[in-house]
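These notes are about the structure you will find just below.
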Amino acid sequence: MKLYAIHAPRAAEAYSGPEGARAASTGFSFVALVFGPLWLLFRGLWLALTGYVALGLLIFLAARQGWLRPEAAVLLFALGNLYLAVEGRALAMRARWRSGKPMVDVVYAQSALEAEKIYLERAFASGAATWRETPPPGGAPVIGLFPEPGR
């Protein structure tokens, strides 16, 4: 079982419904360990990718100029990927928060789909989540064999 963070969009006035909620796995990412920059690119973490590339370029130039041994350069690249594997998901969570989707719940589940299901069950059981239906505008005719609203 894994720990999932549930992110839902912010609403300006009130809770707008759980339809935008998404589950994101937390913890260590083996993919980020092996494919660090590609993982950042796939997740859309542009600022972190820019920093990763800049530091990688500095390490490469330092090794090329002879200021850093090649073994040390490889070790620094490996440590950078290890950092992404450990903290990469936290970087992604902060990026979601900045984009208007803060973490609203934490769920322990087998899969992301099960985590979203558990979150929805909790949200509707607590009464915090209610679907808001907008009534049709007054005076607009209803299409079909139904009478017009208000008559």
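Can you find a residue in segment 98-108 that is modelled with pLDDT under 90, under 24 Å from Gly27 (Cβ atoms) and in contact with a helix residue (DSSP H, G or I) (Cβ under 7 Å, 6 or more places away or on another chain)?
Checked segment 98-108: at least one residue is modelled with pLDDT under 90, under 24 Å from Gly27 (Cβ atoms) and in contact with a helix residue (DSSP H, G or I) (Cβ under 7 Å, 6 or more places away or on another chain).
Does any residue of segment 123-143 turn out to be assigned to a helix (DSSP H, G or I) and either surrounded by 11 or more Cβ atoms within 10 Å (Cβ to Cβ) or modelled with pLDDT of 90 or more (or both)?
Yes: segment 123-143 contains one or more residues that are assigned to a helix (DSSP H, G or I) and either surrounded by 11 or more Cβ atoms within 10 Å (Cβ to Cβ) or modelled with pLDDT of 90 or more (or both).
Anything in segment 35-57 that is farther than 18 Å from Leu82 by Cβ and not in a loop (DSSP other than H, G, I, E, B)? List them, or say none.
Leu41, Phe42, Trp46, Leu47, Thr50, Ala54, Leu57 - these are the residues of segment 35-57 that are farther than 18 Å from Leu82 by Cβ and not in a loop (DSSP other than H, G, I, E, B).
If you take the residues in segment 68-94 that are among the small types (Gly, Ala, Ser) and out of contact with any Leu (no Cβ under 6 Å at 6 or more places or on another chain), which one is nearest to Leu57 (Cα to Cα)?
Among those residues, the one meeting the criterion is Ala73.
Given the criterion over 30 Å from Ala123 (Cα atoms) and touching a residue at least 24 places away in the same chain (Cβ under 8 Å), identify the matching residue among Trp67, Trp39.
Trp39
Among the residues of segment 74-97, which ones are among the β-branched types (Val, Ile, Thr) and either over 13 Å from Gly27 (Cβ atoms) or free of Cβ contacts under 8 Å to residues at least 24 places away in the same chain (or both)?
Correct list: Val74 only.
Just name the residue that is farthest from the chain's Cα centre (by Cα) out of those in segment 58-72 that are charged (D, E, K, R) and part of a helix (DSSP H, G or I).
It comes out as Arg64.
Out of (1) loosely packed, with under 15 Cβ neighbours inside 10 Å; (2) touching a strand residue (DSSP E or B) at 6+ places or on another chain (Cβ under 6 Å), the odd one out for Leu55 is which?
The number of the failed condition is (2).
I'd like the full set of residues that are part of a helix (DSSP H, G or I) and free of Cβ contacts under 8 Å to residues at least 60 places away in the same chain, limited to segment 98-115. Let's see the steps before the verdict.
Applying the first criterion (part of a helix (DSSP H, G or I)) to segment 98-115 yields 98, 112-115.
Arg98, Glu114 - these are the residues of segment 98-115 that are part of a helix (DSSP H, G or I) and free of Cβ contacts under 8 Å to residues at least 60 places away in the same chain.
So which residues in segment 1-20 are touching a Phe, Trp or Tyr at 6+ places or on another chain (Cβ under 9 Å) and modelled with pLDDT under 65? Show your work before the answer.
Step one: list which residues in segment 1-20 are touching a Phe, Trp or Tyr at 6+ places or on another chain (Cβ under 9 Å), which gives 1-4, 6-8, 17-19.
If the condition is that a residue be touching a Phe, Trp or Tyr at 6+ places or on another chain (Cβ under 9 Å) and modelled with pLDDT under 65, then Gly17, Pro18 are the ones that fit.
When you scan segment 73-90, do you find a residue that is touching a strand residue (DSSP E or B) at 6+ places or on another chain (Cβ under 9 Å), in a helix (DSSP H, G or I), at pLDDT below 95 and within 30 Å of Ala8 (Cα to Cα), even just one? Talk me through it step by step, then tell me what you get.
Restricting attention to segment 73-90, the residues satisfying the condition of being touching a strand residue (DSSP E or B) at 6+ places or on another chain (Cβ under 9 Å) are 89.
When the remaining residues are screened for being in a helix (DSSP H, G or I), the result is 89.
Subsequent filtering for residues that are at pLDDT below 95 retains 89.
Right, trim to within 30 Å of Ala8 (Cα to Cα) and you get 89.
Among the residues of segment 73-90, at least one is touching a strand residue (DSSP E or B) at 6+ places or on another chain (Cβ under 9 Å), in a helix (DSSP H, G or I), at pLDDT below 95 and within 30 Å of Ala8 (Cα to Cα), which makes the answer yes.
Can you pull out the residues in segment 95-121 that are surrounded by fewer than 16 Cβ atoms within 10 Å (Cβ to Cβ) and under 17 Å from Leu47 (Cβ atoms)?
Trp97, Arg98, Ser99, Gly100
The values are calculated or read from the model by the stated rules, or taken from the named source; none is laboratory data. Just so you know, these numbers come straight off a predicted model, no measurement behind them. Positions of Cβ are backbone-derived with ideal geometry, glycine not excepted, and every protein chain shown enters the neighbour counts.
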